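Q: Structure provided below as structure tokens; questions to follow.
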Amino acid sequence: MKIRIISPILSVILSITISTAQNLKSPEAFFGHQMGAEGQIIDYLEGLKYYRELSDKSNKIQYEELGKTTDGNPFVLLAISSPSNLSKLSSIKQRRARLSDPRAINDDQALKLANELPAVVFHTSSIHSTEISTAQVVPELVYNLVSKNDAQTKKLLDNLIILVSPSANPDGQVKVKKWYEEHKGTEWEGRMPWQYHTYVGHDNNRDWVMLHFPEHRLSAQKIHNEWHPVYSLEMHQMRAMGARIFVPPYQDPYDDNTAPEVIETQSLIGLAISHRLTNEGKGGLVKNAIYDLFTPARAFQIYRGTARVLTETASANFARMRVLKPEELQAPGRRGAGNYHPLKKSWNFSLPWEGGEWRLRTMVEYQLSANMAALNLVAGDPAAFNMVLYNALKRVVNEENWPYAYVFPTEQNDLSSTARLLQAMQRGEIEIHRATESFNVEGSSFNAGSHIIKLRQPYGAWAKTLLEIQNYPDLRQSENEDPMVPYDVTASTLPMMMGVEAVAIQKEFVVKMTQIKDRIFFPGEVKGSGENGFIILPNSNEAYAAVDALLDDGSEIKQLTNSSSEVPAGSFFIKHTQGLDTKLGDLSEKWNFKAVAANTESSAMDMIPITNPKIAIYEPWGGLMDAG
């Protein structure tokens, strides 16, 4: 008989490890039901209590509130890794920032960093909050990573920083839960009659261009731009009647500005998910079908060296089981570049699902397996995936076949729109310079003050996609075929959409310029004392905001119906009152518009009085975006 003697120190360590794991409540114990149990969905704010509890009791997870959502709910990020990695997150983040700027390091330095650093991965759910299964996955995924002490989990935590956003749209998750509990058992329990975002309907995941809303800004700026994950896994749900789950590779078309390294990483992770689910007997997985990767409106991260791994799981009957017969399964209605039949085996649909019961819990299990497949793949070779990020960004920095830069002349039809376009670029961490001297290039003359975006910068592919004229490709094999209908948005060319002049310059040029660090803004201009009142010209979108504010403040305003040699039709005449010039000056610090003092002849102009109308919104049951 062999007797093993455990040292006192090792005994203490083992005791702490075991007791910590035992003290962590499982999601089932905390919420009172299994994740994905029939008719049960978790509350977002209760979920935050659970993650805080795990963070308080475990040294493998850190809880951070990044900011507030549109409705004021906490927007939270969880960081899960080994205690050693978590103790030096600040250093890891700083060194990953170096890895993501190939202008500052060479290949040898990049390889050294890639080998030394854990890979960062990002998992998120519930941006479409009525796709309720995705939110149920997160507590179980997080608990498994934090509580298990087996060799595979240890490898994951040693080699990865696993960032988890419990919800990409907390406001929607709160609304959906509230509606569901109030109407549970009725025929409309899963049909909330208003949208789950205060201002945007189901297409709230198309805000990756302008980054209007705090949820997207926090995700872009505090997660993608600071952490530089090698992939972003986004859990969604799709129609109920076809495949059981979609994973990359996406079907054509792809945006031409997507780095090949990113395309290959997406496909590789998708195939790893496909391999695992098929091996587990989870049928109905499709790839290279349904979803493309053309529009930047859904794909902020791919232009930053980060693979976008979309999973779309077939829906049940909201939180309840759906039973499907084989003959009820249907192929997608729209024809795309990639196709499949839900009852036939093919290379991109190797294990058809034969119908039967489809439960919320089944959806959770599919998605848990998909998440683990992605984690295991990257944890097996974190250095290689770190180098993919570096190489994808290096390709952009060294790209010589693109235009060298886009120049925004000082003379614009609407400076307010120009500022908003450039501000969107700044939110996406695009470097913008301002010329300090006038210059001529490729037959065009530009004044000092013109703004310049050079494309040879790490995120230059994003800038190029948003500034160039996009052409959706004709994917037909012959002219006799019907056109393939695009899945989604076909262009996001901001200069054309916003009426801003942006000139593409093909060859490299030299001009004295300075990089702009502060928020770009063009203040308004108020000329004259306004003893006879002021006229606000209508050549700025923000002129209308200024007029609206003045109406709210009680100003008497008329709109010109005819043009003169000095002012165009549509201009606004503001009657003189004491302090009007001061009010306009204050407004000009917030909005861009031009106000000029009215002359004595203004009374002869044709004008109609205007008031702020009362506005009502009709919101139909099931409407998508009307109220937003």
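Q: For the range 165-177, check the following and say yes or no: at least one residue is within 15 Å of the chain's Cα centre (by Cα), farther than 30 Å from ARG420 by Cβ and either open to solvent by less than 40 Å² (accessible area, probe 1.4 Å) or not acidic (Asp, Glu) (or both).
A: yes
Q: Next up: What about TYR366, is it surrounded by 15 or more Cβ atoms within 10 Å (Cβ to Cβ), touching a residue at least 24 places away in the same chain (Cβ under 8 Å) and part of a helix (DSSP H, G or I)? Write out each step before concluding.
A: On the way: surrounded by 15 or more Cβ atoms within 10 Å (Cβ to Cβ): yes; touching a residue at least 24 places away in the same chain (Cβ under 8 Å): yes; part of a helix (DSSP H, G or I): yes.
Yes; evaluated as a whole, the condition is true for this residue.
Conditions tested, residue by residue: (1) open to solvent by 10 Å² or more (accessible area, probe 1.4 Å); (2) of a type outside the set (A, V, I, L, M); (3) farther than 23 Å from GLN301 by Cβ.
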{"residue": "GLY47", "(1), (2), (3)": "no, yes, yes"}
{"residue": "LYS68", "(1), (2), (3)": "yes, yes, no"}
{"residue": "ALA114", "(1), (2), (3)": "no, no, no"}
{"residue": "ALA119", "(1), (2), (3)": "no, no, no"}
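Q: So is LEU551 more than 18 Å from ASP414 (Cβ to Cβ), at pLDDT 95 or above and of a type in the set (A, V, I, L, M) or not?
A: Values: more than 18 Å from ASP414 (Cβ to Cβ): yes; at pLDDT 95 or above: yes; of a type in the set (A, V, I, L, M): yes.
Spelling it out, LEU551 is indeed more than 18 Å from ASP414 (Cβ to Cβ), at pLDDT 95 or above and of a type in the set (A, V, I, L, M).
Q: Got at least one residue in the range 28-39 being within 27 Å of the chain's Cα centre (by Cα) and free of Cβ contacts under 8 Å to residues at least 24 places away in the same chain?
A: From the range 28-39, those within 27 Å of the chain's Cα centre (by Cα) are 35-36; that's our starting set.
Pick out the ones that are also free of Cβ contacts under 8 Å to residues at least 24 places away in the same chain and you get none.
The answer is no; no qualifying residue exists.
Q: Considering only residues that are out of contact with any Ser or Thr (no Cβ under 7 Å at 6 or more places or on another chain), surrounded by 24 or more Cβ atoms within 10 Å (Cβ to Cβ) and among the β-branched types (Val, Ile, Thr), which ones fall in the range 121-141?
A: VAL121, ILE127, ILE132
Q: Given (1) touching a residue at least 60 places away in the same chain (Cβ under 8 Å); (2) outside any loop (DSSP other than H, G, I, E, B), identify the lone condition not met by GLU431.
A: Result: GLU431 passes all but (2).
Table: residues versus (1) among the small types (Gly, Ala, Ser); (2) more than 20 Å from the chain's Cα centre (by Cα).
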position: LYS60; (1), (2): no, yes
position: PHE75; (1), (2): no, no
position: SER81; (1), (2): yes, yes
position: VAL120; (1), (2): no, no
position: SER126; (1), (2): yes, no
position: VAL142; (1), (2): no, yes
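Q: For the range 190-228, give me the residue count where each residue is under 11 Å from THR70 (Cα atoms), buried (at least 23 other Cβ atoms within 10 Å of the Cβ) and out of contact with any His (no Cβ under 9 Å at 6 or more places or on another chain).
A: Residues in the range 190-228 being under 11 Å from THR70 (Cα atoms), buried (at least 23 other Cβ atoms within 10 Å of the Cβ) and out of contact with any His (no Cβ under 9 Å at 6 or more places or on another chain): 2 in total.
Q: Here's a follow-up. Going by what's in this entry, would ALA435 be described as crowded, with 19+ Cβ neighbours inside 10 Å and farther than 18 Å from PHE522 by Cα?
A: Numbers: crowded, with 19+ Cβ neighbours inside 10 Å: yes; farther than 18 Å from PHE522 by Cα: no.
No.
Q: Then there's this: What are the residue pairs meeting all of these: first residue in the range 564-581, first residue within 21 Å of ASN539 (Cα to Cα), second residue aromatic (Phe, Trp, Tyr) and outside any loop (DSSP other than H, G, I, E, B), Cβ atoms under 7 Å, and 6 or more apart or on different chains?
A: Cβ pairs passing all conditions: ILE574/PHE534; LEU580/PHE534.
Q: Which residue is most open to solvent (accessible area, probe 1.4 Å), if the candidates are limited to the range 49-62 and must be within 23 Å of VAL176 (Cβ to Cβ) and in contact with a strand residue (DSSP E or B) (Cβ under 6 Å, 6 or more places away or on another chain)?
A: ARG52
Q: Looking only at the range 74-106, which residues are open to solvent by less than 30 Å² (accessible area, probe 1.4 Å) and outside any strand (DSSP E or B)?
A: Across the range 74-106, the qualifying residues are SER81, SER82, ASN85, LEU86, LEU89, ILE92, ARG96, LEU99, SER100, PRO102, ILE105.
The values are calculated or read from the model by the stated rules, or taken from the named source; none is laboratory data. Worth saying up front: this structure is predicted, and the values here are computed from it rather than measured. Cβ: placed from backbone, ideal geometry, glycine included. Neighbour counts: every protein chain shown. We work out accessible area using only protein heavy atoms, side chains counted, and drop any ligands, DNA or RNA first. Shrake-Rupley method; radii C 1.70, N 1.55, O 1.52, S 1.80 Å.
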